[in-house]
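K.L.:
Could you have a look at this structure, given as structure tokens, before my questions?
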Amino acid sequence: MHPTFSVIFLTTLIGVGQGLFLALFTEQSYASVNLLPGQPGAFYVTGSLIALAFLLGGLVAAIGHLGKPSYMVTRAWRGITQWRTSWLSRELILLPLVMFLIFLYLLFHYLGWEANPFGTTGVSGQLTLILGGITTVMVFALFICTAMIYASVRFLQEWACALTVSNYILLGGASGFTLATAYAAWAAPELVGFYAGWAIIITVLGLLSRGLHLIRNARLKGKSTLQSAIGVRHNRIEQKAMGMMGGSYNTREYFHGKSAAFLKSIKWIFLLLLFPLPLLLLWAGMDGNKGMLLLAFIMQYVGLLFERWFFFAQANHPQNLYYQTI
Amino acid sequence: MTQLALVIDLNVCVGCHACVTSCKQWNTSGAAGPLFDDRPYGENPTGTFFNRVQTYEIGQFPNTETLHFPKSCLHCEDPPCVPVCPTGASYKRAEDGIVLVDYDKCIGCKYCSWACPYGAREFDEQQKVMKKCTLCVDRIYDETLPEAERKPACVLACPTSARLFGDVHDSESEVSVAIRENGGYPLMPEWGTKPSNHYLPRRKTRHKIHKDELLRVDNPLKKEDIRHEIRDNVSLDDWLM
Amino acid sequence: MHEAAKALAEGRTEVKNTTCYMCACRCGIRVHLRNGEVRYIQGNPEHPLNKGVICAKGSSGIMKQYSPARLTRPLRRKEGSERGEAQYEAISWDEAFNILEERLGRIRATDPKRFALFTGRDQMQALTGLFAKNFGTPNYAAHGGFCSVNMAAGMIYTIGGSFWEFGGPDLERSRLFVMIGTAEDHHSNPMKIELSKFKRNGGRFISINPVRTGYSAIADEWIPIKPGTDGALLLALIHEIIKTGLYDRDFLTQYSNSAELVNMDPNSSEFGMFVRTEVPEEEGCFDPQNKLWWDRNGNKPVICRAKGADPRLLGEFALSDGTPVKPAFQLLLERVEDYTPEWAADITGIPAVTIRRLAHEMGIVARDERIELPIAWTDVWDQEHQSVTGNPVSFHAMRGLAAHSNGFQTIRALSILMSILGTIDRPGGFRHKAPFPRPIPPCTKTGTGPQDVQPNTPLNGMPLGWPADPDDLFVDDDGNPIRIDKGFSWEYPLSVHGLMHNAITNAWRQDPYAIDTLFIFMANMAWNSSMNTDEVRKMLNDKDESGEYKIPFLVVADAFQSEMTAFADLILPDTTYLERHDVMSMLDRPISEFDGPVDSVRIPVVPPKGECKPFQEVLIELGSRLKLPPFVNADGTRKYQNYPDFITNFETAPGSGIGFLAGWRGKSGEKSMKGEPNPNQWKMYEKNNCVYHYHLPRSYQYMRNWNQGYLQWAQEHSLTRYDEPINIHIYSEVLQKFRLAAQGKSDGKQPPAHLRKRVETHFDPLPFYSEPLEAQLTDKQRYPLNAITQRPMAMYHSWDSQNAWLRQIHTYNFLYVHPTTARAAGIEDGAWMWVESMHGKVRCLCRYTEALEPGTVWTWNAVGKAAGAWNLDGSANESKQGFLLNHLISEELPASAAGAHLSNSDPVTGQAGWYDVMVRIYPAAPGEVRETFPQYPTMPPLPGTPKRRRWQSYFAGRFGKNS
């Protein structure tokens, strides 16, 4: 497939936003049972604002993926109608919903609504916890929807597996927790170790998931062949003309147009930027080194951009069988 | 239920591209139009077409077959492009099985095209919506046209009548008979999309010649009683008494 | 609903009938207009030619109509600018006509042959020829000489008819169809329609071609052959068919000259001529029935076709005066004796076993699947037949045979093969189309000497004709050519379509003489229609010592800006086919069907763009101004208001009743073929799908060379002059007459000494195989490969690169090479490479293909363009990656004993030997620029050409928001 930057930014930015929210809420959950020191509302408010900013960035990137920006206003609302069948529709519903819930979460913290509907059970901040819990479920649902947009296209065999889902969750989560670590270095230095620890764990899990995905895809055999594509049983078939010479949607949308060596180098770049380097920096920045932690996030995010580019480029659409020779 | 479809006879397709441009001209000025052309007189001209003819070579010299292969939307019975559409712009008509795009609902996200293994959809870079073969839905029900012309433009144009059009669910229709009797097959059956369009394979006609056919009593050479020259060398005739 | 539907609902729609012109096929079309703009072009279902279908080109007519290459104003080359630079200023039509009237008037009053009119792929040769003849110039021809004249001449000189407009395979009834040397052809939709039906009816289709594309793709069997060797294959097939007795003896006996006795006395001036019993009472262009057979019953000579006689086809006899004689068929047998399948296998690359099988298939199908139709008919000898029979083996061949310098004799061999199988104008075989069959050769003759070209006088004779013997040649007393292209001279005696491909070179060299004005209509002579393109472009721009152009004045009439228009001194903008009246006339090349004459017309469906004027109107205006007899009244006043008026009222002779159109003649349209002019004739065509189809009675539809009813009908309706039998020339006495002249054995015109050998060799009364001339003169060690072109079905020569839709299909071209051949030369698939002949070289892109005879390379014809031509952007792929093979092909042969400047053509007909070129290939060096070579400076758009759209969303005349 031809990687489009709108989608690369969309999926990576909202992944960071979702992950950051999960990090905030994880801390609040720990704190609510006193496993971690409680934080003032401002910590959640600023954190949620940052998460929202990433999500908003993702939304803006998504507009770039529409035919025309105006469709956002005139037609995108229709995107909610097909939730029964379309993962994209589901994502379109969930993304604003998640943003709205995070906004509420932010608002509640901002307004300091500390109501405890379940009474004094020893757990404080029940309202924001409930809201955060619901939001967490929705964030996971959004991760799944985003991933399933790709994993559900069975023709793209590189995508059509559970690892796509785990990748989206783990890599989004990892980038969010790494960002949270850097955020903590400024806003709550005592949490740096906690976040760094989780960031390392999730990044390692991400490496595991992505690594498995790479191994799986390397062994993948195309289900379709030129033989099944044109219905001729012969072991030697070659295309001689694809029907047009100046290119078409078929040649622009489904081909990355880069060499195999280029693809391979992108793979190693993303593996390096996404996993070992941020891990190293997280480890090294465990003492609260702001610069190092920020660099860890930036590096991991850039790694994610490469990863997502590779994710698209690696996917080999069966239609390509019909477009081998000009 | 009706399922309209094309049956493409590869046995007679000479690869002339008549279906390609007749489709373009009908549809660019029709209900599915306009169809964009970019750089029409410049470098790498490109445009929106609903149908293309490709060429393949099968085998090695001298046993090479050249195959011309027209491809457009196959109007799958179970079209994977439809459920993925977030806005409902992509749909399959219940009454005749045609898979269509409602341009007014399309947001141009291209997701439907990813979900088509055949590469049958084309994005119009000017109008920014997804487009595709409509089986000339604006022709086939048009009662102002003579009945014989209520067919897709490509079918009317095709000089070798390699394109048959009809209801593949009606077992007595021309297309069903053609599929049944000539080994019609779908493309990429492995995906279970159940394409409605079918292709008919190449079929060979051969003549068998029996040796006797060369030695017939009515051979005209027998009328010429060619007299051989008398040879100088001695024959048995000269010796036997 | 969206915009499109709304716009549709609002539009005012009309449907108008006319005739397509996206190629020369001439299908009926229905043009759908919305608010006066073209919305859809549909094949006319009621048209006999295409029966509703339409091809890729026809379907793209809209994009030709709105092409930015359209010329819309008369243009004059800017003073001080060079030819080729395309610097023009717009002038008025009146100025243009004044320039022409003054110049042409002066030429006509002094030496009319200094005016040369050559036309390209036009369909109005009856009119252009009429103009040239009445101007008085012999220098007129259309593109036939570089197209397929070998096909026309080879077949017409043998069977009195030919493929394409003149006849074709009866695929409806055929069982075995053999196509040779045909990629895509003009008669394209009818061929596709029939081929498909034929295959579905279980017919067997064999294609013989070095390349497997197009039609060949769907052949049941593809037989790859080395280019230029078809003659060897055909002769071997004849050998095998005769040897196995698979020929149709009865057919040959009665309907050909097979059994007629040839004088074999080498000392006689009649050597190689048929023995005649008496001098015929009337001399005409027909075969008098005064020859002899050797009757097997009486074992003596009898007059041919005598009742009850049964002639011998083989043997050697002596007449009572001792003259040794042989039946023509015996001579054929002797000729093919050594042409064994094994011999042909080495030459053609086809295994002998395949050649044998092919011969057996043909012979056995012809014999055993005989068709008998319950149609009674009477032959010219008054013999009544209860049925029409036929042998269902048919053939089609085109440029693959024709475009070789040995093509004439190859096509003679094909015609003879078709004849010995007994398939001429019979069901399932070859069928004629009116006005064919015509006498062998047809009666039209050119002038015969300088006296026939006189100032202010129409040419005596036609500019083009059909020589029957050396005295018909158009040469002076020394045997030098009268025509600028040297047509009908000893260099190319039977050049029945002229040699347009040599006109520019000869005019530039002023050999045989200098001309003043060269008028080119619709031919891209500065590009794909010329051999040796690069040099021809220089010649067009070349000046003598005094600074005068060697070709002083160059006029180009065309609808489109092209490589050619850049060289014109004066450009006249023609209309498109949708903007004008036209006739597909019985006087020209009509669109007849097997079952009877058909002609058709074009009627404008949209008004002319800008100042475009149909070329016919230009001719009629010029003819009137120059007072050429057909165009003026006795008092010198203009006779015809315009072209439609001319078509309605012109008669070949006063009161002849024969005009350009055969339908709805007579005062109220009640007559057909012949009748007084009908003022409402155009209207009647318009009402009837623009086509007139005369259905012959079934008994007139077959065996027309010998069908009394048909021949009498044809004579009555002036299709032919005689109702005499048109017997097949297995043995060609016409050719023998030229050979006798070359041998100095006859009294008439004699070839110059240096050409005697050439004429003697090639004017063989029986077909023979010889290597193409260029191959004979090429170092084949250095240039081992054949290079040929094929025409893609979606492109018509150079026309369609301006077409926004078609050029997306063929934006540039590759050189197709067999992988083994390419690898041996170190060239990778898709890489830049050089292809070089002894005349030039071209850098191009390589594409591997397995569907190709490995000793051949090929490419699509005329996809490559000069930068900026056809008003394409200078960066268009056509000029950067596309290439033209013409740069490798010379219009002249290397100097040899026969002359220094002989055309690279068939020595009999002057047919351009496009496919004779031999090449070598090698990879482009790594650092080389990645574009084709040669490149030319980008041609600028001309004044009046429409703006190039950068994008378009065409909707019934609208192009989207940018226009």
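The values are calculated or read from the model by the stated rules, or taken from the named source; none is laboratory data. Not measured: the values here are computed from a predicted model. Neighbour counts run over all protein chains shown; Cβ positions are idealised from the backbone, glycine included.
K.L.:
I'd like the residue in region A:117-170 that is modelled with pLDDT of 95 or more, among the aliphatic types (A, V, I, L, M) and part of a loop (DSSP other than H, G, I, E, B) and, out of all such residues, is surrounded by the fewest Cβ atoms within 10 Å (Cβ to Cβ).
P.N.:
A:160
K.L.:
If you don't mind, there's one more thing I want to ask. Go over the candidates B:161, B:171 one by one and state the one that is surrounded by fewer than 23 Cβ atoms within 10 Å (Cβ to Cβ), within 14 Å of chain C (Cβ to nearest Cβ), more than 30 Å from residue C:356 (Cα to Cα) and of a type outside the set (A, V, I, L, M).
P.N.:
After applying the criteria, what remains is B:161.
K.L.:
Can you pull out every residue in region A:262-308 that is under 12 Å from residue A:182 (Cα atoms) and small (Gly, Ala, Ser)?
P.N.:
A:285, A:288, A:291, A:296
K.L.:
On to the next question. Check whether at least one residue in region C:750-759 is touching a Pro at 6+ places or on another chain (Cβ under 9 Å), aliphatic (A, V, I, L, M) and either within 14 Å of chain B (Cβ to nearest Cβ) or not in a helix (DSSP H, G or I) (or both), and report yes or no.
P.N.:
No, every residue in region C:750-759 fails to be touching a Pro at 6+ places or on another chain (Cβ under 9 Å), aliphatic (A, V, I, L, M) and either within 14 Å of chain B (Cβ to nearest Cβ) or not in a helix (DSSP H, G or I) (or both).
K.L.:
Of a type outside the set (A, V, I, L, M, F, W, C), within 7 Å of chain B (Cβ to nearest Cβ), buried (at least 24 other Cβ atoms within 10 Å of the Cβ) and over 30 Å from residue C:305 (Cβ atoms): does that describe residue C:247?
P.N.:
Criteria not met by residue C:247.
Residues checked against (1) polar (S, T, N, Q); (2) farther than 15 Å from residue A:313 by Cβ; (3) within 14 Å of chain B (Cβ to nearest Cβ):
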position	(1), (2), (3)
A:207	no, yes, no
A:218	no, no, no
A:229	no, yes, yes
A:243	no, yes, yes
A:248	yes, yes, yes
A:262	no, no, no
A:268	no, no, no
A:279	no, yes, no
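K.L.:
Identify, by number, the condition in (1) free of Cβ contacts under 8 Å to residues at least 24 places away in the same chain; (2) part of a loop (DSSP other than H, G, I, E, B); (3) crowded, with 19+ Cβ neighbours inside 10 Å that residue A:1 doesn't meet.
P.N.:
(1)
K.L.:
Working carefully through the options C:139, C:50, find the one that is touching a residue at least 24 places away in the same chain (Cβ under 8 Å), within 14 Å of chain B (Cβ to nearest Cβ) and in contact with a strand residue (DSSP E or B) (Cβ under 6 Å, 6 or more places away or on another chain).
P.N.:
C:50
K.L.:
With surrounded by 24 or more Cβ atoms within 10 Å (Cβ to Cβ), part of a loop (DSSP other than H, G, I, E, B), charged (D, E, K, R) and in the same structural domain as residue C:219 (by TED's automatic domain parsing) as the only criterion, which of C:426, C:412 stands out?
P.N.:
Just one listed residue meets the conditions, C:426.
K.L.:
It is to be established whether one or more residues within region C:353-362 are surrounded by fewer than 17 Cβ atoms within 10 Å (Cβ to Cβ), part of a helix (DSSP H, G or I) and without any contact (Cβ under 8 Å) to a residue 24 or more places away in the chain.
P.N.:
yes
K.L.:
Let me ask you something else. Please enumerate the residues belonging to region C:571-590 that are in contact with a strand residue (DSSP E or B) (Cβ under 7 Å, 6 or more places away or on another chain) and either under 15 Å from residue C:122 (Cβ atoms) or surrounded by fewer than 24 Cβ atoms within 10 Å (Cβ to Cβ) (or both).
P.N.:
Of everything in region C:571-590, those that are in contact with a strand residue (DSSP E or B) (Cβ under 7 Å, 6 or more places away or on another chain) and either under 15 Å from residue C:122 (Cβ atoms) or surrounded by fewer than 24 Cβ atoms within 10 Å (Cβ to Cβ) (or both) turn out to be C:572, C:574, C:577, C:580, C:581, C:582, C:583, C:584, C:585, C:590.
K.L.:
Can I ask one more? One residue is enough: does region C:930-953 have a residue meeting the conditions in contact with a Lys or Arg (Cβ under 8 Å, 6 or more places away or on another chain), within 11 Å of chain B (Cβ to nearest Cβ) and among the basic types (Lys, Arg)?
P.N.:
Looking through region C:930-953, at least one residue is in contact with a Lys or Arg (Cβ under 8 Å, 6 or more places away or on another chain), within 11 Å of chain B (Cβ to nearest Cβ) and among the basic types (Lys, Arg).
K.L.:
Across region B:55-110, what is the number of residues that are assigned to a strand (DSSP E or B), among the hydroxyl-bearing types (Ser, Thr, Tyr), at the interface with chain A (Cβ under 7 Å from one of its Cβ atoms) and without any contact (Cβ under 8 Å) to a residue 40 or more places away in the chain?
P.N.:
Counting residues in region B:55-110 that are assigned to a strand (DSSP E or B), among the hydroxyl-bearing types (Ser, Thr, Tyr), at the interface with chain A (Cβ under 7 Å from one of its Cβ atoms) and without any contact (Cβ under 8 Å) to a residue 40 or more places away in the chain gives 1.
K.L.:
Also, I was wondering about something else. Based on what the data block shows, is residue C:227 within 24 Å of the chain's Cα centre (by Cα), crowded, with 23+ Cβ neighbours inside 10 Å and away from chain B (no Cβ under 14 Å)?
P.N.:
The answer is yes for residue C:227.
K.L.:
Taking the stated definitions as given, is residue C:24 at negative phi, more than 8 Å from chain B (Cβ to nearest Cβ), out of contact with any helix residue (DSSP H, G or I) (no Cβ under 6 Å at 6 or more places or on another chain) and at pLDDT below 95?
P.N.:
Here the answer is yes, as residue C:24 does meet what is asked.
Table: residues versus (1) part of a strand (DSSP E or B); (2) more than 14 Å from every other protein chain (Cβ to nearest Cβ); (3) crowded, with 23+ Cβ neighbours inside 10 Å.
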residue	(1), (2), (3)
C:857	yes, no, yes
C:863	no, no, yes
C:866	no, yes, yes
C:870	no, no, yes
C:873	no, no, no
C:890	no, yes, no
C:894	no, yes, no
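K.L.:
Go through (1) in contact with a Phe, Trp or Tyr (Cβ under 8 Å, 6 or more places away or on another chain); (2) closer than 29 Å to residue B:192 by Cβ; (3) more than 8 Å from chain A (Cβ to nearest Cβ) one by one and return the number of the condition residue B:1 breaks.
P.N.:
Condition (1) is where residue B:1 drops out.
Yes or no, residue by residue, for (1) closer than 25 Å to residue C:456 by Cβ; (2) modelled with pLDDT under 95; (3) within 26 Å of the chain's Cα centre (by Cα):
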site	(1), (2), (3)
C:570	yes, no, no
C:596	no, no, yes
C:604	no, no, no
C:618	yes, no, yes
C:628	yes, no, no
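K.L.:
For region C:812-826, what are the residues that are within 12 Å of another protein chain (Cβ to nearest Cβ), surrounded by fewer than 24 Cβ atoms within 10 Å (Cβ to Cβ) and not in a helix (DSSP H, G or I)?
P.N.:
C:816, C:818
Table: residues versus (1) assigned to a loop (DSSP other than H, G, I, E, B); (2) touching a residue at least 12 places away in the same chain (Cβ under 8 Å); (3) not charged (D, E, K, R).
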{"residue": "C:658", "(1), (2), (3)": "yes, yes, yes"}
{"residue": "C:679", "(1), (2), (3)": "yes, yes, yes"}
{"residue": "C:683", "(1), (2), (3)": "no, no, no"}
{"residue": "C:699", "(1), (2), (3)": "no, yes, yes"}
{"residue": "C:702", "(1), (2), (3)": "yes, yes, yes"}
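K.L.:
Still on this structure, I have one more. Out of (1) in a loop (DSSP other than H, G, I, E, B); (2) more than 27 Å from residue A:175 (Cβ to Cβ), what's the single condition that is false for residue A:77?
P.N.:
The number of the failed condition is (1).
K.L.:
With under 29 Å from the mean Cα position of the chain (by Cα) and modelled with pLDDT of 95 or more as the only criterion, which of C:943, C:923, C:907, C:937 stands out?
P.N.:
The match here is C:907.
K.L.:
Is it fair to say residue C:86 is over 32 Å from the mean Cα position of the chain (by Cα) and in contact (Cβ under 8 Å) with a residue 40 or more places away in the chain?
P.N.:
Taking the combined requirement at face value, the residue does not satisfy it.
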